[in-house]
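K.L.:
To start, I am sharing the structure in question, which I have written as C-alpha cells.
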Amino acid sequence: MEDQAKQPLLRGIVGVNLGHLIISILFILFLSSPFLFYAYIKSTNIFPNCLSENCKQHADYRYLVSSGWSAIFSLAATAGCLGTIVSFFLRQTKNDPIYREKANGNTLNANFVFIGLREISLLCFLGIVFGVLMIALFMGGFVKGNLFPDIVDEKSSWIDFNIRVDDWAKTFIWCFLAGFSERLIPSLLDGLVRRVDANNSQTAEPANVEIKANSNDKHPNNK
C-alpha cells in the first residue's frame, strides 16, 4: 500500500520537474549553439587568412564576423533564457507545497504548484526577449558605464567585430540579470522614456540618452 501511495508523488516530482528541466536544457543547448560554434572556431584558428593584414578582403573573415554577430546574440538569448529558468526553479522550490510539507515533516502529496511545459516554454521565450533587448541597449549606446560591456563604438560597423573577453562576460551577466529579474528591462525602458520626455526640447536623438550605473547600484531580485 505504501508503494502505491508513493507512486503518484514520484510521478509528480519526476514527471513535472524533470519535464521542466529537460525543456530548459533543450532551450539552452539550441540557443547557445551559435556561441559555442564561434568559440570553437576562434580557439582552433581554422581561418588562418583572418590573421593577415588584408584579412577583411577574405571570405573567411566575413564568415567569421557573421559568426561573431550570431554568437553575441546567441549569448544574450541564452543568458536571458537561463535567467528566467533559474528564477522559475528558485520560486518553485520556495513556494512548492511539497517542499514546505517536507520541511514540516508532514505527509507529502502530489498536488503541488504546476505551471506546465507550455508555460515554462513561454518563460524561456520571455527570457530570450529580455536578453536581446539588453544587448540592443548596449549596442545602441543607451546603457553605458564601466559595469556594462563595450560592444560597439562610434566608428564601428557590421564588418568590424572585435569584442574583448571581459565584454563577453559582462554581456552574459547583464543578460542573465535581465531574465532573472523581470523588472530590470522595464525599469531601464521607463528610465529611457523619462529622460527622452525631459530632454525632447533639446535633442531628438535617443542615442544620446545614457543610463550610468555605479558599483553601488542595486537591481531588484525576484522573491
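K.L.:
Which residues, taken from segment 174-192, are touching a strand residue (DSSP E or B) at 6+ places or on another chain (Cβ under 6 Å) and modelled with pLDDT of 90 or more?
P.N.:
Initially, segment 174-192 is screened for residues touching a strand residue (DSSP E or B) at 6+ places or on another chain (Cβ under 6 Å), giving 191.
Across segment 174-192, there are no qualifying residues.
K.L.:
Also: Can you confirm whether segment 155-163 contains a residue that is in a loop (DSSP other than H, G, I, E, B), at pLDDT 80 or above, over 22 Å from Ser181 (Cα atoms) and under 24 Å from the mean Cα position of the chain (by Cα)?
P.N.:
Initial filter on segment 155-163 (in a loop (DSSP other than H, G, I, E, B)): 155-163.
Narrowing further to those that are at pLDDT 80 or above: 163.
Subsequent filtering for residues that are over 22 Å from Ser181 (Cα atoms) retains 163.
Going one step further and asking which of them are under 24 Å from the mean Cα position of the chain (by Cα), we end up with 163.
Yes; the residues of segment 155-163 include at least one that is in a loop (DSSP other than H, G, I, E, B), at pLDDT 80 or above, over 22 Å from Ser181 (Cα atoms) and under 24 Å from the mean Cα position of the chain (by Cα).
K.L.:
Considering only segment 118-133, how many residues are under 13 Å from the mean Cα position of the chain (by Cα) and closer than 14 Å to Thr84 by Cα?
P.N.:
10
K.L.:
Does segment 76-91 hold any residues that are touching a Ser or Thr at 6+ places or on another chain (Cβ under 6 Å) and modelled with pLDDT of 95 or more, and which are they?
P.N.:
Thr78
The values are calculated or read from the model by the stated rules, or taken from the named source; none is laboratory data. These numbers were taken from a predicted model, which means no experiment stands behind them. Backbone-built Cβ (ideal geometry, glycine too); neighbour counts: all protein chains shown.
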